[in-house]
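Shown next, in structure tokens, is the structure this report addresses.
The values are calculated or read from the model by the stated rules, or taken from the named source; none is laboratory data. This one's a predicted model, so the numbers in the text were calculated from it and none came from an experiment. Glycine also receives a Cβ, built like all others from the backbone with ideal geometry; neighbour counts cover every protein chain displayed. The protein model used for the area step is the full one, side chains on, heavy atoms only, and it has no ligands, DNA or RNA in it. Shrake-Rupley method; radii C 1.70, N 1.55, O 1.52, S 1.80 Å.
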Amino acid sequence: ETRHPRGAVYALCLARDAERVHILSAALPFGEEAEAYEVRVTTDGSDPETGAVHRAGPAIGAERVRAALFVDGQRVVEADTESPRFRIAGSTAPA
């Protein structure tokens, strides 16, 4: 229904800082409360579904980190430090 939209947007980010990886996650509800979510993490490249539940705290000191955000048991988004990075090309002023 367009007059009373409901839902939520979930986000997951792996941010490397020197030799450590910070795991950032968020939920932005609109029209209702966002469902609770959890982030599961592995550091050996295996599927995050079987990994440890990540709680806010210090960064992880690992070469590779895979994480997945789950809502109601369903994988919503996944991030991997080995994935190619997407970067928007810079712009320059016309000559």
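When you look at Ala95, is it modelled with pLDDT under 90 and at negative phi, yes or no?
Working: modelled with pLDDT under 90: yes; at negative phi: yes.
Yes; evaluated as a whole, the condition is true for this residue.
For the stretch 15-29, what are the residues that are touching a strand residue (DSSP E or B) at 6+ places or on another chain (Cβ under 9 Å) and either closer than 20 Å to Arg55 by Cβ or not in a strand (DSSP E or B) (or both)?
Initially, the stretch 15-29 is screened for residues touching a strand residue (DSSP E or B) at 6+ places or on another chain (Cβ under 9 Å), giving 15-16, 20-29.
Residues satisfying the conditions are Ala15, Arg16, Arg20, Val21, His22, Ile23, Leu24, Ser25, Ala26, Ala27.
Checking Asp44 against (1) over 15 Å from the mean Cα position of the chain (by Cα); (2) assigned to a strand (DSSP E or B): exactly one of these is not met. Which one?
Result: Asp44 passes all but (2).
For the stretch 15-36: of the residues being open to solvent by less than 80 Å² (accessible area, probe 1.4 Å) and over 11 Å from the mean Cα position of the chain (by Cα), which is farthest from Asp72 (Cα to Cα)?
So the first thing to find is which residues in the stretch 15-36 are open to solvent by less than 80 Å² (accessible area, probe 1.4 Å), and the list is 15, 21-23, 25-27, 29, 31, 34.
Checking the rest, the ones that are also over 11 Å from the mean Cα position of the chain (by Cα) come to 21, 29, 31, 34.
Numbers: Val21: 26, Pro29: 15, Gly31: 18, Ala34: 11 Å.
Only one residue fits best here, namely Val21.
Every residue in the stretch 1-38 that is free of Cβ contacts under 8 Å to residues at least 12 places away in the same chain and either in contact with a Cys (Cβ under 9 Å, 6 or more places away or on another chain) or hydroxyl-bearing (Ser, Thr, Tyr) (or both), please.
Passing the criteria: only Thr2.
Suppose we keep only residues that are modelled with pLDDT of 90 or more and open to solvent by 80 Å² or more (accessible area, probe 1.4 Å) within the stretch 38-56. Which one would you say is nearest to Thr81 (Cα to Cα)?
The extreme case among them is Asp44.
Give me a count of the residues in the stretch 70-88 that are surrounded by 10 or more Cβ atoms within 10 Å (Cβ to Cβ) and outside any loop (DSSP other than H, G, I, E, B).
8
I need the full set of residues from the stretch 57-69 which are surrounded by 10 or more Cβ atoms within 10 Å (Cβ to Cβ) and under 22 Å from Tyr10 (Cβ atoms), in order please.
In the first step, residues of the stretch 57-69 are kept if they are surrounded by 10 or more Cβ atoms within 10 Å (Cβ to Cβ); the result is 59-69.
Within the stretch 57-69, Ala59, Ile60, Val65, Arg66, Ala67, Ala68, Leu69 meet the criteria.
Let me confirm something: among Glu32, Glu63, which residue is modelled with pLDDT under 90, in a loop (DSSP other than H, G, I, E, B) and under 24 Å from Arg85 (Cβ atoms)?
From the options Glu32, Glu63, the qualifying one is Glu63.
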